[in-house]
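Scroll down for the structure; my scribbles are underneath it.
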Amino acid sequence: MSKQKITVKDLTYVAIFSALIGISSYISIPTPFSEVPITAQTLVVMLAGSVLTIKQGFLSGIVYILLGAIGAPVFAGGRAGISVLVGSSGGYIISYPIAIAVIAHLRGSGTHWLRLGVVNILGGIIVIYAFGITWLSIVTGMGLAQAFQVGALLFIPGDLLKVLIATPLAIKLNQRIGRVITV
């Protein structure tokens with residue numbers, strides 16, 4: 001197995017997308033029905049997976065989490081610290097590197113817009129919900145069905161809208177960086 005070096009280009013993309021995930025956390029709407037806020041972070045997670053390599057995307061998610069863990073106010077609503085990661089929304093946050101990597105892996109190289117949209121649903125919604133709902137259930141002690149109700153059900157329409165925004169935006173970004181995506 002050969003060692004893959006991290007290039008300046010990799011570091012640049014990692015820094016940009018880690019920052020974008022953190023910035024998008026400030027677009028946060030508290031919900032009266034759940035401890036989990038509505039944020040723009042999943043939109044950026046979808047974009048990261050749709051544009052970056054698996055390595056770049058995974059690392060951008062890890063860097064984002066580490067920044068928040070050490071105290072940078074990059075979690076929803078400007079929160080920070082380990083307490084957020086072990087709190088009710090921690091599973092959603094922890095899923096980001098995995099969701100990005102899943103999207104990047106499944107999208108392929110010459111992706112059609114429909115494939116990219118489906119991949120964004122799989123990685124950007126299903127993977128994130130799987131981690132988030134499970135973690136929410138464990139932390140709060142509620143059953144999985146109730147955790148699904150408060151941690152996913154009402155968020156699905158907004159997340160599908162994010163897929164509709166992220167997919168064409170990713171196609172344009174990929175065209176700009178020279179990756180061919182068919183329309």
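With an 8 Å cut-off on Cα pairs and a minimum separation of 6 or more residues, tell me the relative contact order of region 101-182 in percent. Can you show the working numbers first?
Working: 58 pairs, mean separation 34.5, N = 82.
After rounding, I find 42 percent.
Of the chymotrypsin sites (Phe, Trp or Tyr not before Pro) in region 1-81, which ones lie in a loop per DSSP and count no more than 11 other C-beta atoms within 10 Å? All intermediate terms of the calculation are to be shown ahead of the outcome.
Details: sites: 13, 17, 26, 33, 58, 64, 75; in loops: 26, 33.
Loop-located and lightly packed - 33.
Output wanted: per-residue J couplings in Hz (rounded whole) for region 112-127, from phi through Karplus 6.51 cos²θ - 1.76 cosθ + 1.60, θ = phi - 60°, x for Gly and Pro.
Result, ordered by residue: 7, 4, 5, 4, 4, x, 5, 5, 5, 5, 4, x, x, 10, 5, 4 Hz.
Calculated FRET efficiency, residue 35 and residue 177, Cβ-Cβ r, R0 35 Å, to nearest 0.05?
On the way: r = 38 Å, r/R0 = 1.07.
The value I calculate is 0.40.
Once amide H atoms are built 1.01 Å from N in the peptide plane, which residues 5 or more positions from residue 38, or in another chain, come under 5 Å H to H?
For residue 38, the qualifying residues are 29, 31.
How far apart, in nm, are the 7 Å Cα→Cβ label points at residue 23 and residue 154?
According to this spin-label approximation, the distance is 3.0 nm.
Once the Cα gyration tensor of region 8-171 is diagonalised, what are the square roots of 5 times its eigenvalues, in whole Å and ordered largest first, as equivalent ellipsoid semi-axes?
24, 19, 13
State log₁₀ I(q)/I(0) for region 1-76 at q = 0.12, 0.13, 0.24, 0.25 Å⁻¹ as given by the Debye formula over alpha-carbon point scatterers of equal weight, solvent excluded.
Summing over Cα pairs of region 1-76 leads to -0.36, -0.42, -1.08, -1.13.
If I model a spin label at residue 164 and residue 106 as a point 7 Å from the Cα along the Cα→Cβ vector, what separation in nanometres do I get?
2.0 nm
Using the Karplus curve 6.51 cos²θ - 1.76 cosθ + 1.60 with θ = phi - 60°, work out ³J(HN,Hα) for each residue of region 49-66 in order, rounded to whole Hz, and write x for Gly and Pro.
With coefficients 6.51, -1.76 and 1.60, one gets x, 7, 10, 8, 6, 4, 4, 4, x, 4, 5, 5, x, 5, 4, 4, 4, 5 Hz.
Would you mind giving the three semi-axes, in whole Å and largest first, of the ellipsoid equivalent to region 78-126 according to its Cα gyration tensor? Intermediate values should be presented prior to the final figure.
Working: eigenvalues 160, 17, 12 Å².
That gives 28, 9, 8 Å for the three semi-axes.
Read phi for every residue in region 29-38 and hand back ³J(HN,Hα) as whole Hz from Karplus 6.51 cos²θ - 1.76 cosθ + 1.60, θ = phi - 60°, with x for Gly and Pro.
Per-residue couplings from phi come out as 10, x, 10, x, 9, 8, 7, 9, x, 7 Hz.
So what is the relative contact order for the chain, in percent, with contacts set as C-alpha pairs under 8 Å and at least six apart? It would help to have the intermediate numbers written out before the result.
Numbers: 284 pairs, mean separation 44.0, N = 183.
Worked out over the chain, it gives 24 percent.
Name the residues whose placed amide hydrogens come within less than 5 Å of the amide hydrogen of residue 112, ignoring near sequence neighbours (fewer than 5 apart) on the same chain.
182
When the chain is fully extended, how far beyond the present Cα-Cα distance does residue 126 get from residue 144, taking 0.36 nm per residue of separation?
Details: separation 18, 0.36 × 18 = 6.48 nm, distance 1.46 nm.
Extra length from residue 126 to residue 144 when fully extended: 5.0 nm.
Would you calculate a helix-derived [θ] at 222 nm for the chain, using -39,500 (n - 2.57) for each DSSP H run of n ≥ 4 and dividing by the full residue count, to the nearest 500?
The helix contribution divided over the chain gives -20500 deg cm²/dmol.
Bear in mind these aren't lab numbers, they're just calculated from the coordinates by the rules spelled out. Quick caveat, the model's predicted, so the values are computed rather than measured. Cβ coordinates were reconstructed from backbone atoms using ideal geometry, including for glycine residues, and neighbour counts include every protein chain displayed.
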